[in-house]
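Have a look at the structure below before the remarks.
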Amino acid sequence: MILTQNLCKKYGRMVAINEMNLSISTGTVFGLVGENGAGKTTALSMLSTLSMPTSGYAYINGYEVSRDPRSVRQSIGYMPDSFGVYDELTVMEYLRFFADCYRVDRRIVKRRAEELLERVNLTEKRHTYVNALSRGMQQRLEIARCLMHDPAVLILDEPASGLDPKSRLEMRGVLQNLRDMGKTILISSHILNELAEVADEVGILRKGSLVVIAAIQVMLQHSSAYRTIWIQGFAPHGVMKRLLSQDQHVLEVCEQPDGWEVLYAGTLAQQAELLQRLVQGGVVVSQFREQPTDIEQLFLRLSAVQEGTW
Amino acid sequence: MRINPLLAKEFHQRMRTARAPIVITVYLLGMVVLTFFMLYENVQGQLYLVQPSKSQQVFVLLSLLQMTVVAFLTPAFSAGSVSGERERRTLTVLLTTPLSPFGVLLGKVLSSSALLVLLVVVTLPVYSLVFLFGGAVPQEVLAVLGFQLLTIVVIATICVLFSTIALRSTWSTVFSYGTVGMMMVVFGALGYGLKTLYQQNPIELFTLHWSQFFYALNPLYVEAALQGAVSAKPAIWLTFTEFYAVVILILLIPSLWRLRPQWFARLSVRPSGSEKQYQ
Ligand SMILES: Nc1ncnc2c1ncn2[C@@H]1O[C@H](COP(=O)(O)OP(=O)(O)OP(=O)(O)O)[C@@H](O)[C@H]1O
Ligand SMILES: [Mg+2]
């Protein structure tokens, strides 16, 4: 449904997207994760025909974005990362305007608009002016707008950015709702956890390259199997490092000025044994605690540790 | 055929606020009062000796006044049309809909001239009044009306194109009013100056030629010619139309590039700026 082949985008000499190969099948919710400046917006704007790939191809619904942009536009609903709304219109008029742009049959516009407002929890607001809506409501209205012409594919650029926790939760509900509609959805976000309950598959983008693509279950399994342990203590030079590297479950040791950050893949019992061994080995341990795992960081590291094994 | 969605939306939006009907009413009232006053001056309180030539003057004066008002009012509606969408970040989404750049431009031109067209049309009865007093023949009234509508559309188009090319509404407003000032004042003054030069030195025929050319670009002069108030042939409206059609075509190229740089990608003219900031 969405397919890219060696998709590249360069701004002058800067490579914003490098050889992106992506295949998202119908009905899948795909999350594109990356930090600020990773190239998420660049990738999505090529897929939504706003900018031309420097090289490579991208197909949406079978149409190539630079050869058949009109058909692509008809097949997608695109929500940009920062967008404005026509605030002199009411919610209903707003949706009707975009339905007109997409030449949706007049007779079904009203019914569809009401249906969508129901889905995004804005039914009571349908005669409110758009500028009287909160940011979170406007963001949900924007999602309804994307769906007015019933596109097969939705491309949402950071739909939950700038929202408070409560609105994020509401947005997540809306996105889960869309998944149940069977749409193919591409969502970008800079926080992986946010996509955990929404996406089926996740791709991590770093400096324009897709480093990892994995099913969300795999991702979650790994995040429960792997832990980051923070160790602080006093030990003769080199002892700590030696003891840690003797443990086969330690994947990576990262020495910090005031301690060690250890990527650990063992069970809790094995973890306890490690602590015991450290103490027996003469390390005065002052702190030994599991840190909240940043899944994205974990994945980036894993991909560095075991290059391309999945 | 479905009407342009931008036109429908914006016309609806504009007519909903109290401002548009108020502007139209006030303007119409002003015109009516002015006409009555001038006609009254003309007939001096008696109705058995109406001087058609004086009524003709009233007609010319009124229509020139209307042309001036309308010409300077048009940029107020059109100069911020596309740049405003860009500033409010609504343009990106508009460009991902199947509405083509031509559709966007057309919608903006039509919606920004709609109110002015209405303004001109509602004054038609006032002109008929003048016509009643022998000031004009119906064909003349229609020709003047038609030309005013043409001028509105020409100015609105140029302003919309400027607002597409200039990234900021301030710049687009500057360019738009600059253009209107050029059309209304500079071209007229140039025509007049060259005419004077020619009269001082009748051998220099080319000054006469250029004087006529500049006059033909001045909406006020063309309108006067349509009314037979100046010596020029009414057909100079054709020169007017041709000239501004060329201007519009030239401005259309950078405008389309702003809206869809992709269309020009094949021409290997690498855009120097970045695409994103325009959308
Ligand atoms: N129009 C442009 N001209 C030049 N460079 C650009 C342009 N747009 C983006 N870039 C560069 O491309 C890279 C990727 O930018 P992009 O906006 O795609 O990142 P992003 O992942 O969406 O980041 P964010 O999370 O901040 O939205 C950045 O380094 C940015 O500086
Ligand atoms: Mg972005």
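When A:Cys146 is tested against (1) hydrophobic (A, V, I, L, M, F, W, C); (2) outside any helix (DSSP H, G or I); (3) in contact with a Leu (Cβ under 7 Å, 6 or more places away or on another chain), exactly one condition is not met: (2). A single entry from A:Gly39, A:Gly31 fulfils the requirement of being within 13 Å of ligand 2 (Cβ to nearest atom) and surrounded by 20 or more Cβ atoms within 10 Å (Cβ to Cβ): A:Gly39.
A count restricted to the range A:221-238 and to residues that are in contact (Cβ under 8 Å) with a residue 40 or more places away in the chain and surrounded by fewer than 14 Cβ atoms within 10 Å (Cβ to Cβ) stands at 3. Selection over the range A:55-82 of residues that are within 11 Å of ligand 1 (Cβ to nearest atom) and either at pLDDT 95 or above or open to solvent by less than 10 Å² (accessible area, probe 1.4 Å) (or both) gives a count of 1. Of everything in the range A:1-14 that is over 19 Å from A:Val202 (Cα atoms) and in contact with a strand residue (DSSP E or B) (Cβ under 7 Å, 6 or more places away or on another chain), the residue that is farthest from ligand 1 (Cβ to nearest atom) is A:Cys8.
For the range A:151-185, a tally of residues being within 16 Å of ligand 2 (Cβ to nearest atom) and farther than 21 Å from A:Tyr102 by Cα returns 6.
In this structure, does A:Gly12 turn out to be within 9 Å of another protein chain (Cβ to nearest Cβ) and either buried (at least 17 other Cβ atoms within 10 Å of the Cβ) or free of Cβ contacts under 8 Å to residues at least 12 places away in the same chain (or both)?
Values: within 9 Å of another protein chain (Cβ to nearest Cβ): yes; either buried (at least 17 other Cβ atoms within 10 Å of the Cβ) or free of Cβ contacts under 8 Å to residues at least 12 places away in the same chain (or both): yes.
Spelling it out, A:Gly12 is indeed within 9 Å of another protein chain (Cβ to nearest Cβ) and either buried (at least 17 other Cβ atoms within 10 Å of the Cβ) or free of Cβ contacts under 8 Å to residues at least 12 places away in the same chain (or both).
Applying the criterion of being away from every other protein chain (no Cβ under 14 Å) and within 12 Å of ligand 1 (Cβ to nearest atom) to the residues of the range A:21-54, the residue that is nearest to A:Asn193 (Cα to Cα) is A:Val33.
For the range A:83-99, a residue qualifies if it is open to solvent by 20 Å² or more (accessible area, probe 1.4 Å), more than 8 Å from every other protein chain (Cβ to nearest Cβ) and in contact (Cβ under 8 Å) with a residue 40 or more places away in the chain, and exactly one does: A:Asp87.
Residue-wise test of (1) on the phi < 0 side of the Ramachandran plot; (2) touching a strand residue (DSSP E or B) at 6+ places or on another chain (Cβ under 8 Å); (3) open to solvent by 10 Å² or more (accessible area, probe 1.4 Å); (4) among the aliphatic types (A, V, I, L, M).
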residue	(1), (2), (3), (4)
B:Met67	yes, no, no, yes
B:Thr74	yes, no, no, no
B:Ser83	yes, no, no, no
B:Lys108	yes, no, no, no
B:Val144	yes, no, no, yes
B:Thr151	yes, no, no, no
B:Val174	yes, no, yes, yes
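Scanning the range B:1-20 for residues that are open to solvent by 70 Å² or more (accessible area, probe 1.4 Å) and more than 9 Å from every other protein chain (Cβ to nearest Cβ) yields B:Met1, B:Phe11, B:Arg19. Mind listing whichever residues of the range A:62-81 are within 20 Å of the chain's Cα centre (by Cα), more than 16 Å from ligand 2 (Cβ to nearest atom) and over 11 Å from A:Ile2 (Cα atoms)? Matches in the range A:62-81: A:Gly77 only. Inside the range A:182-201, residues that are modelled with pLDDT under 90, of a type in the set (A, V, I, L, M) and surrounded by 21 or more Cβ atoms within 10 Å (Cβ to Cβ) make up a count of 3. Based on what the data block shows, is A:Met1 surrounded by 17 or more Cβ atoms within 10 Å (Cβ to Cβ), within 9 Å of chain B (Cβ to nearest Cβ) and away from ligand 2 (no atom under 16 Å from the Cβ)? So A:Met1 fails the test.
Exactly one residue out of A:Ile155, A:Ile108, A:Ile143, A:Ile187 is in contact with a Gly (Cβ under 9 Å, 6 or more places away or on another chain) and away from ligand 1 (no atom under 16 Å from the Cβ), and it is A:Ile143.
The rows are residues; the columns are (1) under 19 Å from B:Val70 (Cβ atoms); (2) assigned to a helix (DSSP H, G or I).
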| residue | (1), (2) |
| --- | --- |
| B:Phe162 | yes, yes |
| B:Trp171 | no, yes |
| B:Val174 | no, yes |
| B:Phe206 | no, yes |
| B:Glu223 | yes, yes |
| B:Ser231 | no, no |
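Filtering B:Leu106, B:Leu95, B:Leu99 for residues that are over 14 Å from the mean Cα position of the chain (by Cα) and modelled with pLDDT of 95 or more leaves a single hit, B:Leu106.
All conditions but one from (1) open to solvent by 10 Å² or more (accessible area, probe 1.4 Å); (2) touching a Gly at 6+ places or on another chain (Cβ under 7 Å); (3) within 16 Å of ligand 2 (Cβ to nearest atom) apply to A:Asn6; the one that does not is (3).
Please work out if A:Tyr59 is more than 19 Å from the chain's Cα centre (by Cα), assigned to a strand (DSSP E or B) and of a type in the set (Ser, Thr, Tyr). So A:Tyr59 passes the test.
The values are calculated or read from the model by the stated rules, or taken from the named source; none is laboratory data. Owing to the predicted nature of the structure, the values given are computational and were not obtained by experimental measurement. Neighbour counts are summed over all protein chains in view; Cβ atoms, including those assigned to glycine, are modelled from backbone coordinates with ideal geometry. These accessible areas exclude ligands, DNA and RNA; they are computed on the full protein's heavy atoms, side chains included. Shrake-Rupley method; radii C 1.70, N 1.55, O 1.52, S 1.80 Å.
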